[in-house]
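Read-outs throughout are calculated quantities, based only on the coordinates presented, and are distinct from any laboratory measurement. These numbers were taken from a predicted model, which means no experiment stands behind them. A quick note on method: Cβ atoms are made from the backbone with ideal geometry, for glycine too, and the neighbour counts reach across all protein chains shown.
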Amino acid sequence: MSDAPASPDGSPVLRMEAVRKTFGDSVVLRDVDLEVAPHTVTALIGASGSGKSTLLRCANLLEDIDDGAIWLDGEEITDPRTDPDAVRRRIGVVFQAYNLFPHMTVLENITLAPRRVHGVARAEAEEHARGLLERLGLGGKAGAYPDRLSGGQQQRVAIVRALAVRPRLLLFDEITAALDPELVGEVLDVVRDLKGDGMTMVLATHEMGFAREVADQVCFLDGGVVLEHGTPEQVFGDPRQERTRRFLRRIV
Ligand code: ADP
Ligand code: MG
């Protein structure tokens, strides 16, 4: 762990500086700078292959970076002395495909990490989990197995599971991409609620209307470069870069 003092309030929850990531000969992230202020939502947009997932994976130390540095709450987590597991315990992640354990009930899925990784007592973990399930409209599903739930319900359980460890930061990677269109709304509603609660989130998304509505900051990735970033009004309403304009014309 770094010796840096805890960050004062208002300083970024996540900061990336000049991050470079390569896989073999291909440069997947190039000179990426990113600042995520507390209680804000950052939307990563860009074509498939532009580096959104890799950026999220680097932030969670699921990938080693080749150059640059990343800070979480003012602590440099890319410092070689950092314990990656300790960092991951402070970050909740939800991926595109709901990765619930099929042989565990909803409640067991949610309480696994708090109990095993964070050492929370079963009763306390279950009480917290039930409260979260209730809030996300899944109060009756604690004892159900994942295959009895709709895709939207499974993804909401995955969000509850990410929240159960009381994370500082949530990373969402196209969490609605695998859902039938009629189930997308209920998952986006949850993200809206979390924003209302003041959660700090970074989400890779193809839901441009949603990004425009919910994001405080939009970053357009193109070939591993953050080509443009700003408020939704600026990036969607008055993009500076021709490539951003072309991307938005194609997708919106
Ligand atoms: P996005 O999420 O925006 O679709 P990704 O971050 O998944 O983009 O991928 C960015 C680039 O990195 C792509 O060209 C992809 O093929 C490449 N890539 C991602 N993961 C790996 C990996 N483990 N090994 C090699 N190349 C990878
Ligand atoms: Mg991706």
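So the values come out like this:
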item: From 68, 49, residue being outside any helix (DSSP H, G or I), free of Cβ contacts under 8 Å to residues at least 12 places away in the same chain and surrounded by fewer than 21 Cβ atoms within 10 Å (Cβ to Cβ); result: 49
item: Test: residue in the range 140-160 that is over 15 Å from the mean Cα position of the chain (by Cα) and of a type in the set (Phe, Trp, Tyr); result: yes
item: Single unsatisfied condition, residue 183 versus (1) away from ligand 1 (no atom under 16 Å from the Cβ); (2) farther than 23 Å from residue 136 by Cβ; result: (2)
item: Set 159, 175: member being within 16 Å of ligand 1 (Cβ to nearest atom), within 24 Å of residue 130 (Cβ to Cβ) and either in contact with a Phe, Trp or Tyr (Cβ under 9 Å, 6 or more places away or on another chain) or of a type in the set (Asp, Glu) (or both); result: 175
item: All positions within the range 164-178 that are surrounded by fewer than 22 Cβ atoms within 10 Å (Cβ to Cβ), of a type outside the set (Val, Ile, Thr) and under 22 Å from residue 103 (Cβ atoms); result: 178
item: Index of the failed condition, residue 153 passing every other in (1) under 26 Å from residue 88 (Cβ atoms); (2) within 16 Å of ligand 2 (Cβ to nearest atom); (3) surrounded by 21 or more Cβ atoms within 10 Å (Cβ to Cβ); result: (2)
item: Residue satisfying all of: in the range 208-234; buried (at least 21 other Cβ atoms within 10 Å of the Cβ) and over 20 Å from residue 30 (Cα atoms); farthest from ligand 1 (Cβ to nearest atom) among these; result: 215
item: Some residue of the range 99-122 being surrounded by fewer than 20 Cβ atoms within 10 Å (Cβ to Cβ), under 30 Å from residue 35 (Cβ atoms), in contact (Cβ under 8 Å) with a residue 40 or more places away in the chain and polar (S, T, N, Q); result: yes
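Yes or no, residue by residue, for (1) within 16 Å of ligand 2 (Cβ to nearest atom); (2) in a loop (DSSP other than H, G, I, E, B); (3) over 13 Å from the mean Cα position of the chain (by Cα):
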residue	(1), (2), (3)
11	no, yes, yes
20	no, no, yes
31	no, no, yes
35	no, no, yes
42	yes, no, no
58	yes, no, no
64	no, yes, yes
86	no, no, yes
